[in-house]
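Please find one structure pasted underneath; my questions will follow.
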Amino acid sequence: MSASATDRRIRSIRPPKLRVDPYKAHGSLIEEERRPDGKIERALTVFLAGAECRFTCTFCDLWRGTIDGPTPPGALIKQLDGVLRTLVGPVTDRLKLYNASNFFDQRAVPPEDVAGIAALAAPFAAVTVESHANTIGPKTLAFSRQIHGRLEVAVGLETIHPVAAAQLNKRLDLAQFDRAARFLIENSIDLRVFVLLGVPYVPVEESVAWTVRAVEYAAERGASLVSIIPVRGGNGEIERLQALGHFVPPTLSQLEEALDLSLLVRGTAVTADLWDVEPLSSCEQCTGDRIERLRRLNATPRAEPRIVCNTCGAE
């Protein structure tokens, strides 16, 4: 896919990439995660280093941890094997492989490595990989048949706001997302969906409502889990859009409201992404308590009152 003028402009204002060793994973973590049936899974997430995604979305900062050029054959296998060798204790329920790109793009995951990755994933009851909706197809089905556990594919829907969706440079429309979702469900592959809070070009007073609508849309198309991710700056393009008045950083209060409303959606587990969430609030008095409340809601969707703060007025 050749770079468009928009791609080139977005890339021209990026800060430098990180120094990345393609034979060493960025890191890993073990976390507990709620599934639609209420079960809590232990998931091992491995952050793999490899080729940059061929899509140049306006909001993305994952490119900072990628390499220039295609992923070298054997690199992902070495990274994953290195992480698995350091594990102690029982195997987790789920293995999540996040490579800041598209698992079914051969530039990011060399075809000759797929069997080796599947073999390393054999001890896990479920495997999650990430992919743009447009790269889901026969390779997805083939991988699902190679692994021992059940496959789940994480797909970015981001927003269903018609104006904002057209401005994200994602090269995705709702019909394409629907086809990918239908393909996964019909082939007994689980669908995980990412939606954004604070999408550029969405009026700030409508931001939460459009996020909840995207959650509902994903649930209606069979998503087993939906993660709400606040848009963060730092990639250059978001700062440009903010200067033009097209982007307003989301707040912790908005994230709380979006999750509270989304917990009413049936048939899917909805969670808030809490990575680096502290900067969404400037109140030292209540931020910690409010984030802990979100952690509790992520683990069990029982409604509980919002934290009231006499310092900042948050509720």
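Just so you know, all these numbers are worked out from the coordinates, no wet-lab data involved. Source: prediction; values computed, not measured. Here Cβ is always computed from backbone atoms with ideal geometry, including for glycine, and neighbour counts include all displayed protein chains.
Note down the nm distance, to one decimal, between modelled labels 7 Å out along Cα→Cβ at Glu112 and at Val20.
2.1
Place +1 on the Cβ of every Lys and Arg and -1 on the Cβ of every Asp and Glu in region 151-280, take the dipole about the Cα centre, and give the residue among Leu157, Ala180, Leu225 whose Cα lies farthest towards its positive end.
Positive-most Cα among the choices belongs to Ala180.
Also, quick follow-up: Using only alpha carbon pairs under 8 Å that are at least six residues apart, calculate the relative contact order of the chain and give it in whole percent.
Result for the chain is 15 percent.
Now, a different point. Using all C-alpha to C-alpha distances in the chain, build P(r) with 20 Å bins and read off the rounded percent in each one.
Result returned by the calculation: 32, 61, 7.
While we're looking at this one, here's another question. Along the charge dipole of the chain, pointing to its positive end and built from +1/-1 on Cβ of Lys, Arg, Asp and Glu, which listed residue (Ile67, Cys57, Leu261) has its Cα farthest out?
Ile67
Could you check which residue among Gly288, Gly89, Gly38 shows the biggest mean-square fluctuation in a GNM of the chain with a 10 Å Cα cutoff?
Maximum fluctuation in the GNM of the chain, among the listed residues, is at Gly89.
Among Ala214, Ala118, Ala142, which one shows the biggest mean-square fluctuation in a GNM of the chain, springs joining Cα atoms closer than 10 Å?
Ranking Ala214, Ala118, Ala142 by mean-square fluctuation puts Ala142 first.
Then there is this: Please report, in debye to the nearest 20, how large the charge dipole of region 27-173 is about its Cα centre when each Lys and Arg carries +1 at its beta carbon and each Asp and Glu carries -1 there.
Rounded to the nearest 20 debye, it is 180 debye.
Using a simple charge model, +1 on the beta-carbon of Lys and Arg, -1 on the beta-carbon of Asp and Glu, nothing else, what dipole does region 1-81 show about its Cα centre, in debye to the nearest 20?
Roughly 360 debye for region 1-81.
Could you give the size of the charge dipole of the chain about its Cα centre, using +1 on the Cβ of each K and R and -1 on the Cβ of each D and E, expressed in debye and rounded to the nearest 20?
Approximately 760 debye in magnitude.
Calculate the FRET efficiency for Ala142 and Glu292 from the Cβ-Cβ distance with a Förster distance of 41 Å, rounded to the nearest 0.05.
0.45
Something else: Where the Cα atoms of region 49-118 are projected onto their three principal axes, how long is each span, largest first, in whole Å?
Taking max minus min along each principal axis of the Cα atoms, region 49-118 gives 40, 27, 17 Å.
Is it possible to state the helix-based mean residue ellipticity at 222 nm for the chain, with each DSSP H run of 4+ residues giving -39500 (n - 2.57), the sum divided by total residues, to the nearest 500 deg cm²/dmol? What is it?
Value at 222 nm, helices only: -9000 deg cm²/dmol.
Computed FRET efficiency, Cβ-Cβ of Thr311 and Leu264, R0 30 Å: what is it to the nearest 0.05?
The calculated FRET efficiency here is 0.55.
Hey, how many Å between the Cα centroid of region 1-43 and the Cα centroid of region 233-299?
18
Check which residues have an amide H placed less than 5 Å from Ile67's amide H, if you skip close sequence neighbours.
Gly50, Ala51, Glu52
Among Leu48, Thr92, Val199, flag the residue with its Cα farthest along the positive direction of the charge dipole of the chain, charges on Cβ as +1 for Lys/Arg and -1 for Asp/Glu.
After comparing all options, I get Leu48.
Length gain on complete extension for the stretch Ala209 to Ala299, per 0.36 nm per residue less the alpha carbon to alpha carbon distance?
Result: 30.1 nm gained on full extension.
Further question on the same structure: Just to confirm my understanding: which cysteines in the chain have no other cysteine beta carbon less than 4.7 Å from their beta carbon?
Within the chain, the cysteines lacking a partner Cβ under 4.7 Å are Cys53.
What would the Debye formula give as log10 I(q)/I(0) at q = 0.09, 0.10, 0.14 Å⁻¹ for the alpha-carbon point model of region 191-315, no solvent?
-0.25, -0.31, -0.60
Same structure again: From the cross-link list Lys17/Lys39; Lys24/Lys139; Lys78/Lys170; Lys39/Lys170, which pairs have alpha carbons spaced over 28 Å apart?
Lys17/Lys39; Lys78/Lys170; Lys39/Lys170
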